[in-house]
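Asker: Quick one: the structure is below, questions incoming.
The values are calculated or read from the model by the stated rules, or taken from the named source; none is laboratory data. Everything numeric here is computed off the predicted structure, so don't read it as measured data. Every residue, glycine as well, gets a Cβ built from its backbone with ideal geometry; the counts of neighbours run over all protein chains shown.
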Amino acid sequence: MKGTRPFNMKGRVPFVPFDAKFYRRYYLNPATRVASRADALKLGRFFCAFVDYLGFTVRRVLDAGCVLGHLRPAVREFFPRARYIGLETSDYLCRRHGWVQASVADYAPRKPFDLVICHDVLQYLEDDRVASRALRNLGRLCRGVLYLSVLTAEDWRRNADRARTDSGVRLRPAAWYQTRLLRQFRPVGGGLLVRRGYEPLLWELERPW
């Protein structure tokens with residue numbers, strides 16, 4: 001899985017840094033990786049197409065926990081004029097790829113983003129208070145659409161490939177995330193949530209049931 005390692009109580013310093021070995025295992029080695037670059041491109045095209053379909057103008061994109069940047073090609077394909085910011089806590093990745101080094105719980109840029117991507121990150125925030133702060137911060141960072149995926153306790157029981165998925169994470173119930181996200185967002189399907197106040201046109205059977 002992707003994202004940041006468990007944080008200390010302040011939410012800034014990871015207990016165990018992500019290094020080249022970690023990324024070879026979970027991202028690059030075909031025998032052990034969770035998903036391929038092609039899988040990431042397919043996912044990115046899906047939610048970018050959905051954002052475009054909803055009619056959002058996208059000029060600024062934040063990929064919070066971007067890892068190797070596998071979602072960036074899809075963003076560039078659909079929103080070629082948008083500025084893409086990759087956010088990571090890993091020293092290794094930031095040195096290698098030039099990402100902005102910060103935690104999603106604390107990152108405070110001067111301007112918010114039209115599209116925020118937070119893919120498989122929040123389960124790595126071990127402390128519930130830090131994870132709650134990250135969810136509140138996503139509301140500040142996002143002025144339009146949030147794409148969010150996170151490994152939940154239910155996913156670990158029913159959906160995850162346990163032979164490949166990183167088990168060193170905090171498994172919370174889906175309802176824990178939903179309760180907090182609904183304070184600032186509402187779901188429109190496919191992992192996308194829009195800021196409250198936006199009313200994109202969707203037919204009744206296109207909406208989450």
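Asker: Can you say whether Gly65 is among the small types (Gly, Ala, Ser), under 18 Å from the mean Cα position of the chain (by Cα) and at positive phi, as far as the supplied structure shows?
Answerer: For Gly65, the condition - among the small types (Gly, Ala, Ser), under 18 Å from the mean Cα position of the chain (by Cα) and at positive phi - is met.
Asker: Among the numbered conditions (1) in contact with a helix residue (DSSP H, G or I) (Cβ under 8 Å, 6 or more places away or on another chain); (2) over 30 Å from Tyr53 (Cβ atoms); (3) at pLDDT 95 or above; (4) buried (at least 19 other Cβ atoms within 10 Å of the Cβ), tell me where Val130 comes up short.
Answerer: (1)
Asker: While we're on this one: If Ser36 passes every condition in (1) at pLDDT 75 or above; (2) closer than 19 Å to Pro109 by Cβ; (3) surrounded by fewer than 21 Cβ atoms within 10 Å (Cβ to Cβ) but one, which one does it miss?
Answerer: (2)
Asker: For segment 56-99, what are the residues that are part of a loop (DSSP other than H, G, I, E, B) and among the small types (Gly, Ala, Ser)?
Answerer: Gly65, Gly69, Ala82, Ser90, Gly98
Asker: Here's another thing I want to ask about it. Would you mind telling me which numbered condition in (1) closer than 26 Å to Phe22 by Cβ; (2) touching a helix residue (DSSP H, G or I) at 6+ places or on another chain (Cβ under 7 Å); (3) of a type outside the set (A, V, I, L, M, F, W, C) Asp161 fails?
Answerer: (2)
Asker: Within segment 49-78, work out how many residues are in contact with an Asp or Glu (Cβ under 8 Å, 6 or more places away or on another chain) and buried (at least 16 other Cβ atoms within 10 Å of the Cβ).
Answerer: Count: 12.
Asker: Please pick out the residue among Leu193, Leu171, Leu148 that is under 17 Å from the mean Cα position of the chain (by Cα), of a type in the set (A, V, I, L, M) and surrounded by fewer than 17 Cβ atoms within 10 Å (Cβ to Cβ).
Answerer: That would be Leu171, the only listed residue that is under 17 Å from the mean Cα position of the chain (by Cα), of a type in the set (A, V, I, L, M) and surrounded by fewer than 17 Cβ atoms within 10 Å (Cβ to Cβ).
Asker: Sticking with this structure for a sec: Does segment 113-124 contain any residue that is surrounded by fewer than 19 Cβ atoms within 10 Å (Cβ to Cβ) and either at pLDDT 95 or above or under 10 Å from Gly65 (Cβ atoms) (or both)?
Answerer: Within segment 113-124, not a single residue is surrounded by fewer than 19 Cβ atoms within 10 Å (Cβ to Cβ) and either at pLDDT 95 or above or under 10 Å from Gly65 (Cβ atoms) (or both).
Asker: Six or more apart or on different chains, Cβ atoms under 9 Å: show the pairs whose first residue is in segment 38-49 and of a type in the set (Asp, Glu) and whose second is outside any helix (DSSP H, G or I).
Answerer: Final answer for the pair search is Asp39/His70.
Asker: Could you list, in sequence order, the residues of segment 89-112 that are modelled with pLDDT of 95 or more and of a type in the set (Asp, Glu)?
Answerer: Listed by number, the list holds a single entry, Asp106.
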